[in-house]
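Asker: Got a structure here, written out as structure tokens. Questions coming.
Rule-based calculations on the coordinates, nothing more; no lab input. As the structure is a prediction and not an experimental result, all values here were calculated from the model. Please note: Cβ atoms are built from the backbone with ideal geometry, for glycine as well, and neighbour counts cover all protein chains shown.
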Amino acid sequence: MSQSFIRVFVLVAVFLVSGAASAADIKLMTTGAFRPVAQDVIPNFEKQTGNKVTMVSDTAGGLMRRLSAGETFDVLVLTSDGIDALADLGTLNADSIAPLARVGIGVAVSLDATPPQLYSVEAFRDTLLKTRRVAYMDPRSGATSGKAVAAIFQALGIADQIRSRAPSDTVHIGPPTLLGVGVAAGDQGAQVPGVVIREALRGGPAQAAGLVDGDVLTTIDGAPLDSATALTQILDRHYPGDVIDLTWVDRSGQQRSGKATLGS
């Protein structure tokens, strides 16, 4: 999956000290994305120039709040939006602004997790919704990456579900819910109400409830079934461990009912 990029700029507000004749104390204010780079560069810079650098790191929003409160600096590394806003306010010298870097936003999972499916937008969306926990920087803190990720969730139409972790008729949150049946759209005859069970998986919730191969599942929790798609949509509203009521017609034509505890 392609990375999403945020433009980051550097502003040298008071002076460039790399060629200064005498040592100086320099205050660098930077966003978190550039902090590791600054930490690598500063020691060698101080050794070569004799200057002392004090670094202050915060989110882009945090830096904006500090600057609005009157905090001063010598060098500022900030997102392009922040730099432009400060320049529009007349608090910066526009001639001192220069492009510095581009920062990517990536996706990572824990070592014991299944590698995420990111081969398409829909696969990425499904991966997010089937994940128990999604961690990203809080947009309310002013984190630029957090705002960008929140905007992606909004564009995918899943922002509310990600925030609330609540399922809906069209969105399933968390791991897939399994009844333990195999069905196929081709097995469904137009005159047959319900869904034909091609296979009731051994040891699965459906078999435990009494379903066997060839039975016709007609309702779940009283909701009628007319296709394999309807079955999937109903199951997507549940979580593993939920107990559901089933009704079905067995191979002898008798209507039966039972309860199933959903698996994952």
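Asker: Residues of region 24-44 with the amide nitrogen closer than 16 Å to a label point 7 Å from the Cα of T54, along Cα-to-Cβ, please.
Answerer: Only 24-30 pass the distance filter.
Asker: Something else now. Cβ neighbours within 10 Å, averaged per peptide: list 215-225, 55-65 in order, most packed at the top.
Answerer: Put in order of decreasing packing, that is 55-65, 215-225.
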